[in-house]
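Below is the structure I would like to discuss, written out as structure tokens.
The values are calculated or read from the model by the stated rules, or taken from the named source; none is laboratory data. As the structure is a computational prediction, the values presented were derived from the model and not from experiment. Methodologically, a virtual Cβ is constructed for each residue, glycine included, from the backbone with ideal geometry; neighbour enumeration extends over all protein chains shown.
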Ligand SMILES: C[S@@+](CC[C@H](N)C(=O)[O-])C[C@H]1O[C@@H](n2cnc3c(N)ncnc32)[C@H](O)[C@@H]1O
């Protein structure tokens, strides 16, 4: 997991208060200590509207420039090829992938899950015209996935951004959410360690995307 400076003590109580007051925040969800970092050097981490906007406009569009389109196209093709009906996007961030999948797969039901209520607000704002998309506030490490019988669980730039044991727990929970023939597809920068493999899954395929800058891993149930 990349390590950024912690959010400053002087800002943290106010950020946590406003995060908990967000309409998107679920009462039972806590923000674990490791999450309270200045992600991508934004002083609020993922815990403000400004931080969600920063991630969306600067990190996703500029730093990840060109990657997102290729990743979204690749995942949409995978979903179409498999006739996927139920997709969950783990750590959906500002909802770019959810939007793209929701538009290209109108028959599919897509759920985006994230720990940041500000990311969820931003994500929801961009899919207003898509009736097949919904979002949920959840800590995937302690809370697992709320959706069952999933055909495709996708995790883009998620596993490499979690503590290692947490990444293992999320992969395990994703395995538990899969229906028959379901798959977990993760996309991460090649330099991030993959999550420890859940006993329920096999790593079926690993293929480079964008000349190996990113790796797409496909996990299937044993
Ligand atoms: C690096 S961003 C990736 C966002 C998006 N998937 C993308 O490709 O742009 C990681 C996202 O995962 C979310 N996240 C991190 N830990 C999480 C957890 N335990 N449960 C749910 N979401 C989490 C963060 O809030 C953030 O939105």
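Of the numbered conditions (1) modelled with pLDDT under 95; (2) more than 10 Å from the ligand (Cβ to nearest atom), residue 143 satisfies every one except a single condition; which is it?
(2)
Yes or no: residue 155 within 12 Å of the ligand (Cβ to nearest atom) and out of contact with any strand residue (DSSP E or B) (no Cβ under 6 Å at 6 or more places or on another chain)? Don't jump to the end; show me each part of the working.
Working: within 12 Å of the ligand (Cβ to nearest atom): yes; out of contact with any strand residue (DSSP E or B) (no Cβ under 6 Å at 6 or more places or on another chain): no.
For residue 155, the condition - within 12 Å of the ligand (Cβ to nearest atom) and out of contact with any strand residue (DSSP E or B) (no Cβ under 6 Å at 6 or more places or on another chain) - is not met.
Every residue in region 168-188 that is free of Cβ contacts under 8 Å to residues at least 60 places away in the same chain and in contact with a helix residue (DSSP H, G or I) (Cβ under 6 Å, 6 or more places away or on another chain), please.
169, 184, 186, 188
Moving on. Out of all the residues in region 163-182, which are near the ligand (Cβ under 10 Å from one of its atoms) and crowded, with 24+ Cβ neighbours inside 10 Å?
Within region 163-182, 167, 170 qualify.
Kindly indicate the residue of region 84-96 that is closer than 18 Å to residue 140 by Cβ and either at pLDDT below 95 or part of a loop (DSSP other than H, G, I, E, B) (or both) and also farthest from the ligand (Cβ to nearest atom) among those meeting that condition.
Quick first cut of region 84-96, residues closer than 18 Å to residue 140 by Cβ only: 86-95.
Applying the additional criterion that residues be either at pLDDT below 95 or part of a loop (DSSP other than H, G, I, E, B) (or both) yields 91-95.
Working: 91: 3, 92: 6, 93: 3, 94: 7, 95: 8 Å.
Per the stated criteria, the residue is 95.
Does residue 108 count as within 18 Å of residue 74 (Cα to Cα) and either more than 11 Å from the ligand (Cβ to nearest atom) or touching a strand residue (DSSP E or B) at 6+ places or on another chain (Cβ under 8 Å) (or both)? Step through it out loud before you land on a result.
Working: within 18 Å of residue 74 (Cα to Cα): yes; either more than 11 Å from the ligand (Cβ to nearest atom) or touching a strand residue (DSSP E or B) at 6+ places or on another chain (Cβ under 8 Å) (or both): yes.
Yes, satisfied.
Could you list, in sequence order, the residues of region 24-83 that are in contact (Cβ under 8 Å) with a residue 24 or more places away in the chain, part of a helix (DSSP H, G or I) and more than 29 Å from residue 104 (Cα to Cα)?
Passing the criteria: 34, 35, 39, 40, 41.
Evaluate region 200-208: report whether one residue or more is in the same structural domain as residue 115 (by TED's automatic domain parsing), in contact with a helix residue (DSSP H, G or I) (Cβ under 9 Å, 6 or more places away or on another chain) and over 24 Å from residue 110 (Cα atoms). Reasoning before the result, please.
Going residue by residue through region 200-208, those that are in the same structural domain as residue 115 (by TED's automatic domain parsing) are 200-208.
Subset that is in contact with a helix residue (DSSP H, G or I) (Cβ under 9 Å, 6 or more places away or on another chain): 200-201.
Next cut, over 24 Å from residue 110 (Cα atoms) only: none.
Scanning region 200-208 turns up no residue that is in the same structural domain as residue 115 (by TED's automatic domain parsing), in contact with a helix residue (DSSP H, G or I) (Cβ under 9 Å, 6 or more places away or on another chain) and over 24 Å from residue 110 (Cα atoms).
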